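Just below is one structure, and these are the notes that go with it.
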Amino acid sequence: MEDSKNVLRALFRAAAGGKRTRHLAVVFSLFPILAMADTEEAENPPIDLPSVRVQGEAESGSLSVTDVEQARKELHGIPGGVSLVDETQLREGLTSDMAEVLSGVPGVFIRSRFGGDEVRMSIRGSGITQTFGIRGVRVLRDGMPVSGAGGFTNPELVDFASARFAEVYRGANALQFGGADLGGAINFVSHTGYSAPRLKARLELGSNEYIRPQVSGGGRFNRNSDGFVSVSGIHQDGFRGNSEQDTVRAYGNLGHRWSEGSESRLHLTVQRNNLQLPGPLRLRQLLEDPEQANAFWQANGAKRDFERQRLALQHGFQWNGNQLNFGGWFGRVDLDHPLPFVVIDDDTDNFGAHLRHEIDGRLGGRNHRMVWGVQAAFEDSDGRQFAPAGDGRRGGLRQINSAEASSIEIFAESRWQLTGSLSLVSGAQAAIARREAVIDFSNPATGDVDDSKRYSGFSPKLGLVWQADDGIQIFSNLSASYEPPSLGDFRNENDPNPDARANLRAQDAVTLEIGSRGRFGALAWEAAAYHARVDNEILQQETSPGSGQGFVTNADDTRHSGIELGLTGTHMLPGERAHELTWDFTYTHNRFRFAGDTQFGDHRLPGLPANLARLKVAFRHASGFYIGPSFEAADRTRVDFANTLSAPGYGIWSIRAGYDGGNGLRIFAEGRNLADKHYVSNTGITANAQGNDGTFFNPGLTRAWFGGIEVVL
């Protein structure tokens, strides 16, 4: 025990020193000790550590895909902000896009950009100026990346509606998946034949010709084989002009148990997406008529169409407290993307492999869990760009381009029970990334591009989890994050600085986080406060205000601070029957700013509101019927680095009613934005708007009605 105290004293002295090199040395010094851990099966595992998995029968579940209860135990041992979105939360209402199922998670900013299933997402200010898609947050499916090796995620590629549950890791709390991004990671976990109902049919209908059917089902073929399949689609005209969407997705997995401790699983995804893009508006236009399209975007037939195929293979082993998973994936996306300023044709291949090993055992007479792994990912794209000729047609060829990205990550994380109520979590990730771009311009007067650059970083983490009382935890962690430029950043030819690619640096940060989670009576909560010192933050800006074309730069020093709060409660109403009043409240405070920038001083970073809150209240009848309102409010969002232009804050309210009696039938109906508020959902970014209104503003959904029915057999 005295040795444990000495280790703790050394760790805290290093953390107090404030020097990143000391943090690295401390974490490195732990690994030789941890490597000697005895893998003897743990006795009486504490509540904050996952129990050893013992699966002696095929009926017990999949070995290659995480079970929801095991996931809860895993998250309970992490010293930072994490959330689990279960299947009830995923399915209780509309499932038109990822924003519908993740917007209630504390700390997550997620919005449909133009009304379709293309969303913009940020966690803790990750990719804060990325006005489309996702960067700085790793998106995974069953622990394997959906995000490309180039550091960018097309959100339309995520088939969240076929998932069983989602794990949200904010900040550097996703280390066990190799994630060391500023924003963290989101892992969507699939149904298998062990967990899926035999047949499930769902249909959603609503305003603007919205229709979304889905059929899924799964089961066991014999004692050792199982499978799951989901087929779904979306059609909607959209609430704005030029915003029609047609999407078809099919996903399935097939598993085979070779022995009691060995299983293989094959995953297949096929998708076709057609999405029109209405474009941003001026604030004056939005407040007058948010349903109009940007005339310039509409005239040029702006859209994003793609076809996608993805194949992945996993294998899982279990023996004597060990869990070993390894596998690989290959995916292809063929993109047709007319925009007002360019028409893009692009074919991208993503492929890679991973290995992850979990060891539950004993160290120094205490429960100990070790996770280590390696992941290698590669991306290869070939494209052409044309001048727009109106209505989505191609004009003259402007360029032929190719780009490659690769990343190799090695990671390890240790959870060690120091006392009956205190656990130490330490770990690190080492990463090497490469970016390469070749651009051949049709105009011989324009210099061609042939650039490549290699990036490498090391990201340690140190945290404590204290089980203060039954159901109550207090945690803290100190972690580093590392994020090289995305492949899109590196290949961007719009930058006025010809040496921009050579000078583009990786972004890194050190984050301190404290928080608590738990339950007291009928009240449950999760809360975290964090502060990050970010070096070389990667920021996008438009080449000229309202142009829609942008480039990236590195800021010198920025600061990201915030508060993430989630509260849920249940009040039993008086009477003989078990009627309930439930409520769910989330609040996120963001303070993202420059730190003594030579041009922008201490100005706020644009792109996200400083405060965002949601409240849902419902009366739930014992029969399964429920009804209640919901409220959402946000304050203003700055649009430019100079802080001269902002989108106004807003408040909207909606209502939902439904039935979920636990008998296989689920029905819901909801009205959105019932006051028909005209408001800004998300914005573009520029350096200095000089206070002038411009085409930066994307409207939120106007008043709309939706309903759905789900039947489980």
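See the values below:
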| quantity | calculated |
| --- | --- |
| Search result, residues across the stretch 86-107 that are more than 15 Å from the chain's Cα centre (by Cα), in a loop (DSSP other than H, G, I, E, B) and not polar (S, T, N, Q) | ASP86, GLU92, GLY93, LEU94 |
| All positions within the stretch 475-501 that are assigned to a loop (DSSP other than H, G, I, E, B) and modelled with pLDDT of 85 or more | PRO484, PRO485, SER486 |
| Matching residues in the stretch 298-334 - criterion: being out of contact with any Gly (no Cβ under 8 Å at 6 or more places or on another chain), in a strand (DSSP E or B) and more than 15 Å from MET144 (Cα to Cα) | ARG304, ASP305, PHE306, GLU307, ASN322, ARG332, VAL333, ASP334 |
| Residue that is over 30 Å from ILE432 (Cα atoms) and open to solvent by 10 Å² or more (accessible area, probe 1.4 Å), where the choices are ASN154, ASN253, ASN222 | ASN222 |
| Residue check for PHE341: aromatic (Phe, Trp, Tyr), more than 22 Å from ASP508 (Cβ to Cβ) and part of a strand (DSSP E or B) | no |
| Qualifying residue in the stretch 659-669 (condition: under 26 Å from the mean Cα position of the chain (by Cα) and open to solvent by less than 40 Å² (accessible area, probe 1.4 Å)) | no |
| Residue list for the stretch 432-455, restricted to those being exposed (fewer than 12 other Cβ atoms within 10 Å of the Cβ) and closer than 23 Å to GLY148 by Cβ | ASP450, ARG454 |
| Qualifying residue in the stretch 550-559 (condition: in contact with a Ser or Thr (Cβ under 9 Å, 6 or more places away or on another chain), aliphatic (A, V, I, L, M) and farther than 15 Å from VAL534 by Cα) | yes |
| Output for the stretch 313-340, where each listed residue is open to solvent by 40 Å² or more (accessible area, probe 1.4 Å) and either over 25 Å from the mean Cα position of the chain (by Cα) or free of Cβ contacts under 8 Å to residues at least 24 places away in the same chain (or both) | PHE317, TRP319, ASN320, PHE330 |
| Elements of type strands (runs of 3 or more DSSP E) contained in the stretch 109-223, each with 3 or more residues being farther than 23 Å from SER96 by Cβ | 210-220 |
| Filter pass, ASP360 being part of a strand (DSSP E or B), open to solvent by 30 Å² or more (accessible area, probe 1.4 Å) and either under 30 Å from ASP305 (Cβ atoms) or not polar (S, T, N, Q) (or both) | no |
| Residue within the stretch 538-560 that is touching an Asp or Glu at 6+ places or on another chain (Cβ under 7 Å), of a type outside the set (Val, Ile, Thr), in a strand (DSSP E or B) and modelled with pLDDT of 95 or more present | no |
| Test: residue in the stretch 620-628 that is of a type in the set (Lys, Arg), within 26 Å of the chain's Cα centre (by Cα) and under 30 Å from GLY575 (Cα atoms) | no |
| Selection from the stretch 414-423 of residues that are open to solvent by less than 10 Å² (accessible area, probe 1.4 Å) and in a strand (DSSP E or B) | SER414, ARG415, SER423 |
| Selection from the stretch 289-312 of residues that are open to solvent by less than 20 Å² (accessible area, probe 1.4 Å) and aliphatic (A, V, I, L, M) | ALA293, ALA302, ALA312 |
| Residues of the stretch 217-245 classified as touching a Leu at 6+ places or on another chain (Cβ under 8 Å) and small (Gly, Ala, Ser), total | 4 |
| Residue tally, condition part of a strand (DSSP E or B) and in contact with a Lys or Arg (Cβ under 7 Å, 6 or more places away or on another chain), over the stretch 376-394 | 3 |
| Residue ID - surrounded by the fewest Cβ atoms within 10 Å (Cβ to Cβ), chosen from residues in the stretch 161-194 that are out of contact with any helix residue (DSSP H, G or I) (no Cβ under 8 Å at 6 or more places or on another chain) and among the small types (Gly, Ala, Ser) | GLY193 |
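Yes or no, residue by residue, for (1) in a loop (DSSP other than H, G, I, E, B); (2) open to solvent by 40 Å² or more (accessible area, probe 1.4 Å); (3) touching a strand residue (DSSP E or B) at 6+ places or on another chain (Cβ under 6 Å):
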{"position": "THR570", "(1), (2), (3)": "no, yes, yes"}
{"position": "ALA578", "(1), (2), (3)": "yes, yes, no"}
{"position": "THR582", "(1), (2), (3)": "no, no, yes"}
{"position": "PHE592", "(1), (2), (3)": "no, no, yes"}
{"position": "GLY607", "(1), (2), (3)": "yes, no, no"}
{"position": "ALA613", "(1), (2), (3)": "no, no, yes"}
{"position": "LYS616", "(1), (2), (3)": "no, yes, yes"}
{"position": "PHE631", "(1), (2), (3)": "no, yes, yes"}
{"position": "ALA642", "(1), (2), (3)": "yes, no, no"}
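The values are calculated or read from the model by the stated rules, or taken from the named source; none is laboratory data. All values derive from a computational prediction rather than experimental measurement. We place every Cβ from the backbone using ideal geometry, glycine too, and count neighbours over all the protein chains shown. Accessible surface is based on the protein model in full, side chains and every heavy atom, while ligands, DNA and RNA are left aside. Shrake-Rupley method; radii C 1.70, N 1.55, O 1.52, S 1.80 Å.
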